[in-house]
Structures are given as C-alpha cells and as structure tokens.
C-alpha cells in the first residue's frame, strides 16, 4: 500500500497546490514538494522558470490551472513551455538563438542605441519603427529578445498580468474581478445610482478595438429612448451598461449569453469602464427585466422611426425580403420550409426584413407560420410604413399630382403580382417595383442606350437601358406599368416593372439593381 505524503508546507511560502509550494528568499526562488526542495533558480531567470513549471506539470505534481493561478501567467506561456520540453528536452530552454542568425542584421549596435534612446524619450514602438525605417515586427523581436527595453511598458502600472492577479485575489471577497467593493455594497443596499464609468490606463486589453465603434453605436441610436421604453434597472449594472455590453458582444461575434463565460470578466469590464461584466445569470435577469411586457418591441419601433427621421430620403425607398431562420432547438417543432442556402426543407421561422435604400435595416417581422411575402407586406408591413415613414405627401398633393406616390417598395420575384401592384396603387398610392416574371421576347438592341446611373451609395456606373410602357396582368387585374430593361455584356436582358411614374429610368434602375446591398446585410448581420 502506497503511503501518501503529508502536506507539510512552511509558513510564508506561496502554495501552488496542497503539496507544491515556492519560497522567495532574497531573489532566489526555491520549489518544495512537501518539505523537500526540488528546484531552485533566480527570480529573474525566465528560462529556468519556464523549464521548472513545465517539469512540474509534466511530472504530474501540478496542473496547468494551478500554475497559472499561482504565478499570474498566461495559459499560452505554459503550453509553449510544455511543448518545448516534450519536443526538444531541457537543453532547448538554454539555447541562445540571438547569435544564430546568418548574414547582416538591420538593428546594428548603433541602431539599437538610437532605438533605445527614442524609447526612453516616451515614443511608442510604432513611432520608433517609423523613425528608424524598420519593420514593426523587427523592433518587437529586439524588445522580446532583451536587446531593447520598452520603457513605456515598464512604467505602465496596469498590465494584463497584473490585472489578472488583482482580479484573482478579488475572488476571495465579492467575486472574480469585483474590485469596486464600496460601490457594490452601496448598490446592494440601494444607496447609489449604479456603477460609474471610469477608464484607466491599461495595456493588452483583449477585444479593445470595439471601443472604436462606440461613436457609431451611439450615433445609430443605441441609447435613443432606451429608458423611456425599456425602463430602469436596479442594482450595480444599469440599463446603458447592459445595452453597451450586448452591442460589444455582437461586435465580438459572441452570439449567445452563455458564450460570455469564455472571456475574462475583468478584462471585458475594462472595455466598459467597469471592474467586471455581470455574470451570466445576472445578465439573463437584466435582459428579462428589459424585455417583459413587449418593451423590446416598443423600443425597436421607436428606433425604426428614429432611423427613418435621420435620413428621410433613404426612407422613401424600402427593400423588402424574407429569409428563413433555421430553428435548432427541441422545445417546439415549427413548420418546415425551404432554405435556399442549404437547399433543404428545415424547421424554422421566416423573418421579413425592411431595409432602406442603402441596405440599413429599419425593422423585421417574424412569422412562425409564413403566409407568404404579399400577405405579410399587406397585413403587417404596409400599416407600419404608413404610420412611420416621414414626409409622406398629403392627400391634396396626391390628388394634385396623379403620378406621385407615398413611398416605394422594392422586392424580388417572390412579390411579383400585377393584382397586388394594382391594389397598392389604387388603395394607398404606394409604388412597387420588382423583376418581370414573364418578360417575353427580347427587345431590339438598337433600343438600348448608355446611361450614367448614380447608385444610392454614391457610385456612378454606366448601363445600357431601354424603357417602354407595358400592360402587365390580365382581366380586371391588368395595369399599365413602366418596364425598364438592362442589356448586359453577354446580351442578356434583365427586365423590371414598376408603378413609379414620377422618377426617371436611371433612378429606377439604380434602386432595383442596387438591391444587392440588402443581401450583403443578410450575409454579414
């Protein structure tokens, strides 16, 4: 029977686990297994340190997470040391590769001296590389090799490693990363108005680039009418904290609340000026409080009107299209419908998106039971557009100018219906535009002429266009419409029909042939 070693660990040492510990004595680190010393090296000897932690993990004395927590180092550093020990052995840790280069080097002693002088003067690595006309990576390698010292990093009081240690120590109190103890205690008793936004100097913050998108998020109405429609939240995290966190999650491609567990809460909190982000359960409770009683739908409707008022010209032309959102859950079984991307019939819901002339979304209508595009447009989309679109012509203007319409709806061949076009024009004076489903024979090529077409995004293109009035439909549903055709280089003629009678053919062509911008939104949203 194997006798286990008792965990005899001297006081004053740092515990790695219940058996292994390390003792720092005047710059000399000594590692103990129980009461027996097993390794020793100087505190600034990085090579011996990496070899020691690799040996401890490989021998089974420690786990990776124990070493990471004890020394506050990254998981990548630990894995790299293990891989080096397994593949090459202990000797690999002591090979000096700085002198193994063949040929000349860019950073000569004279250049290194000048680079160090620039770094000491407070210049960043990028500025020093531009001043010396060397590659940024070359300068970075010299700093990593020890040939140069980045004084900015050495002076910075808050590196990622230091923050990790601080956040880990906070776990013994209120939780990991909960460093604002006083604010959290007051928030728990309801004596403050929530956490304050405080940014500090930090290095190596993961996902820090999302802060560049903050002005765009605010200008697009991230906080517009939020408290009015979503209400206020009690506690440490307020409404704008949650909205900002959800926006940053979307930019970081974090698609579900559960996935936020894979990110350090303290590091993500630095992006928001907080000590840490809320835990998943807390975040779910906040989202539930924000969405009860159709609050989210009302706020989305307010945002839709806000976007339309911000660009009334783009709101006059609306792209409408439906896309199937596949359901992968097991709580219910929605009807099957054909998914063109998968070329299969799968269970899901159909979302009908309404975008402006440049592809920006206004709102979406979700249909679990899909009645079809035309029914959805008539019953759900048109009433909302009549109520929300700004600067619509009055009834007197519509009577005075028989060709004028309220707004224009553009969709693909799924919405082709002469009867629907006629109903929208006769009842609401709404113009529709789509591709001709039955264009008939080609027109003579001499009918086509080159036109300069200004697309909604400002791009100017040349198209060969021709126009002719066409009676589309049959019987009581027949209606005279404008038919415009585009001649491609291959000789193919693309035909569109429209009940927009007041605009030129180049304007109509730009609206129809730039509908790809909505498809781009579907691709990246």
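Tabulated values for the structure
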item: Region 461-493, subset over 27 Å from residue 404 (Cβ atoms) and in a strand (DSSP E or B), residue nearest to the chain's Cα centre (by Cα); result: 461
item: Of residues in region 24-38 being more than 16 Å from residue 66 (Cα to Cα) and outside any loop (DSSP other than H, G, I, E, B), the one farthest from the chain's Cα centre (by Cα); result: 36
item: Lone unmet requirement of (1) part of a helix (DSSP H, G or I); (2) within 30 Å of the chain's Cα centre (by Cα) for residue 169; result: (2)
item: Verdict on residue 274 being at pLDDT 90 or above and either crowded, with 18+ Cβ neighbours inside 10 Å or not assigned by TED's automatic domain parsing to the domain that holds residue 201 (or both); result: yes
item: Extreme residue, modelled with the lowest pLDDT, among residues of region 12-23 that are farther than 12 Å from residue 67 by Cα and in a loop (DSSP other than H, G, I, E, B); result: 12
item: Qualifying residue in region 380-396 (condition: outside any loop (DSSP other than H, G, I, E, B) and more than 27 Å from residue 519 (Cα to Cα)); result: yes
item: In region 13-39, residue farthest from residue 60 (Cα to Cα) [restricted to those that are in contact with a strand residue (DSSP E or B) (Cβ under 8 Å, 6 or more places away or on another chain) and free of Cβ contacts under 8 Å to residues at least 12 places away in the same chain]; result: 30
item: Selection within region 322-341 - under 22 Å from residue 411 (Cα atoms) and either outside any strand (DSSP E or B) or touching a helix residue (DSSP H, G or I) at 6+ places or on another chain (Cβ under 6 Å) (or both); result: 322, 323, 340, 341
item: Residue count, region 296-325 (criterion: farther than 19 Å from residue 217 by Cα, touching a residue at least 60 places away in the same chain (Cβ under 8 Å) and buried (at least 16 other Cβ atoms within 10 Å of the Cβ)); result: 10
item: Matching residues in region 224-248 - criterion: being free of Cβ contacts under 8 Å to residues at least 24 places away in the same chain and farther than 22 Å from residue 275 by Cα; result: 227
item: Cross-chain or 6+ apart pairs with Cβ under 8 Å, region 165-194 first and at positive phi, then part of a helix (DSSP H, G or I) and surrounded by 12 or more Cβ atoms within 10 Å (Cβ to Cβ); result: 177/167; 177/170; 177/265; 177/266; 177/269; 194/187; 194/241
item: Residues of region 354-392 that turn out to be without any contact (Cβ under 8 Å) to a residue 12 or more places away in the chain and within 17 Å of residue 304 (Cα to Cα), as a count; result: 2
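For every residue, the table says whether it meets (1) more than 16 Å from residue 318 (Cα to Cα); (2) touching a residue at least 12 places away in the same chain (Cβ under 8 Å); (3) crowded, with 20+ Cβ neighbours inside 10 Å.
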| site | (1), (2), (3) |
| --- | --- |
| 438 | yes, no, no |
| 442 | yes, yes, no |
| 448 | yes, yes, no |
| 453 | yes, yes, yes |
| 472 | yes, yes, yes |
| 492 | yes, no, no |
| 501 | yes, yes, no |
| 522 | no, yes, no |
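The values are calculated or read from the model by the stated rules, or taken from the named source; none is laboratory data. All values derive from a computational prediction rather than experimental measurement. Note: ideal-geometry Cβ built from the backbone for every residue, glycine included; neighbour counts use all protein chains shown.
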